[in-house]
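Quick notes on the structure that follows.
The values are calculated or read from the model by the stated rules, or taken from the named source; none is laboratory data. This structure is a prediction, so every number in the text was calculated from the model and none was measured. Cβ atoms come from the backbone with ideal geometry, glycine included; neighbour counts cover every protein chain shown.
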Amino acid sequence: MQTQPAVAVVILNWNGRKFLQQFLPSVLASTYPNLRIIVADNASTDDSVAYVEQIFPTVEVLISKENYGFAKGYNHFLQKVQSDYYILLNSDVEVEQGWIEPVISLMESDASIAACQPKLLAYHNKTEFEYAGAGGGWIDMLGYPFSRGRVFDELEKDEGQYNNATPIFWASGAALFIRADRFHAMQGFDPFFFAHQEEIDLCWRLQRAGYKIYVCPQSVVYHVGGGTLPTGSNRKVYLNFRNNLVMITKNMPWSELWWKLPLRLALDGLSAWKELLAGKGGYWLAVYNAHMAFCEWALGRQKRNTQAYPVLQTVYKGSVVYQYFLKKKKKFSEIVKQG
């Protein structure tokens, strides 16, 4: 009898005892046979490590002495984990018993699929898609990320409209299935990102190397969201704006970047001034600091990665900003016409 591929669920934890207590039992109830469950602790100051060791003795625990953030944290810990597949799982995610099998089955059926995500629904409203990935991630021509089921802050109800397993541009870091050899071949996440959009950057690099990213909606997980950095926090705004500019600069060909980057900087500025006029000075400052940090990064960059720039089918060739704010199209299916 053929052995199932080895799968390691790796939950990055930082002061997350509440979430581990609430959601780790659902992960332990997973029915996949060849499975390890690992809590990778990013220098927590709460008692989450002692709690896991005492209450869940079958869970492996890895500990670092400093908080590396999401990107560098996973790079650090996954060097220590031997497996065929990794599942990078947020601590604030509830899973169903058979959530692993359909994704691994899909990935085993096509060796060119490097990464995949399940359908992400909101934990507090399980009929609605969740912000951080929903039914699978896309980007538009200017590098703005959106998802099947989530455009900007607009979340759709899940009515089975995105239940097809299909190529996507990026898979959510909240529940990311990835081939271990591909993760290491890409040298993992870009540690400069710290947190936010590092999974989009990794998926973009994987596609440039000739691999596919997929969503498998036959697997469903429920994500709380905003567990480490609350939605709307100025730190989150800063990281999202900075990292997105870094990502497009790394991954777009110069033939596109020379005009898209100035346009993006202008649109960012427009967004910042709009929020300032609405009384959100912290948002304006976060965008300003993000642009300054991006300029510093760009000036210190040695060279661009000139690896291939294939035409990717999961890039929306128009502007999601234009469709959403001017044309008032709030649903993915209204913006992207798929056969």
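Below is a table of values for the structure above.
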{"item": "Condition met for F146 (of a type in the set (A, V, I, L, M, F, W, C), modelled with pLDDT of 95 or more, assigned to a strand (DSSP E or B) and surrounded by 22 or more Cβ atoms within 10 Å (Cβ to Cβ))", "result": "yes"}
{"item": "Subset of the stretch 83-116 that is touching a Cys at 6+ places or on another chain (Cβ under 9 Å) and either closer than 20 Å to D153 by Cβ or among the small types (G, A, S) (or both) - its residue that is surrounded by the fewest Cβ atoms within 10 Å (Cβ to Cβ)", "result": "S105"}
{"item": "Criterion (in a loop (DSSP other than H, G, I, E, B) and farther than 27 Å from Q207 by Cα) met by exactly one of K337, K303, K274, K329", "result": "K329"}
{"item": "The stretch 125-143, residues that are within 19 Å of K236 (Cα to Cα), touching an Asp or Glu at 6+ places or on another chain (Cβ under 9 Å) and surrounded by fewer than 24 Cβ atoms within 10 Å (Cβ to Cβ)", "result": "Y131"}
{"item": "Residues located in the stretch 30-83, provided they are of a type in the set (A, V, I, L, M) and at positive phi", "result": "A43"}
{"item": "Selected residue (criterion: farthest from the chain's Cα centre (by Cα)) from residues of the stretch 149-161 that are crowded, with 22+ Cβ neighbours inside 10 Å and not aliphatic (A, V, I, L, M)", "result": "D158"}
{"item": "Residue pairs meeting the criteria (Cβ under 7 Å; at least 6 apart or on separate chains; first closer than 13 Å to K80 by Cα, in the stretch 180-191; second hydroxyl-bearing (S, T, Y) and in a loop (DSSP other than H, G, I, E, B))", "result": "A180/S83"}
{"item": "Residue satisfying all of: in the stretch 163-217; aromatic (F, W, Y) and closer than 19 Å to L312 by Cβ; nearest to the chain's Cα centre (by Cα) among these", "result": "W170"}
{"item": "The one condition in (1) under 21 Å from Q207 (Cα atoms); (2) loosely packed, with under 12 Cβ neighbours inside 10 Å; (3) at pLDDT 95 or above that V311 fails to fulfil", "result": "(3)"}
{"item": "Among (1) outside any loop (DSSP other than H, G, I, E, B); (2) of a type in the set (A, V, I, L, M); (3) farther than 30 Å from E256 by Cα - the single one A115 does not satisfy", "result": "(3)"}
{"item": "Test: residue in the stretch 273-285 that is of a type in the set (K, R) and touching a residue at least 40 places away in the same chain (Cβ under 8 Å)", "result": "no"}
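Here's the yes/no breakdown for (1) among the aliphatic types (A, V, I, L, M); (2) touching a helix residue (DSSP H, G or I) at 6+ places or on another chain (Cβ under 7 Å); (3) in contact (Cβ under 8 Å) with a residue 60 or more places away in the chain; (4) more than 18 Å from R208 (Cβ to Cβ):
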{"site": "R301", "(1), (2), (3), (4)": "no, no, no, no"}
{"site": "L312", "(1), (2), (3), (4)": "yes, yes, yes, no"}
{"site": "G318", "(1), (2), (3), (4)": "no, no, yes, yes"}
{"site": "L326", "(1), (2), (3), (4)": "yes, no, no, yes"}
{"site": "V336", "(1), (2), (3), (4)": "yes, no, yes, yes"}
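Matching residues to (1) under 20 Å from the mean Cα position of the chain (by Cα); (2) at pLDDT 95 or above; (3) closer than 20 Å to P145 by Cβ; (4) not β-branched (V, I, T):
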{"site": "L239", "(1), (2), (3), (4)": "yes, yes, yes, yes"}
{"site": "T249", "(1), (2), (3), (4)": "yes, yes, yes, no"}
{"site": "K280", "(1), (2), (3), (4)": "no, no, no, yes"}
{"site": "R301", "(1), (2), (3), (4)": "no, no, no, yes"}
{"site": "T306", "(1), (2), (3), (4)": "no, no, no, no"}
{"site": "K330", "(1), (2), (3), (4)": "no, yes, yes, yes"}
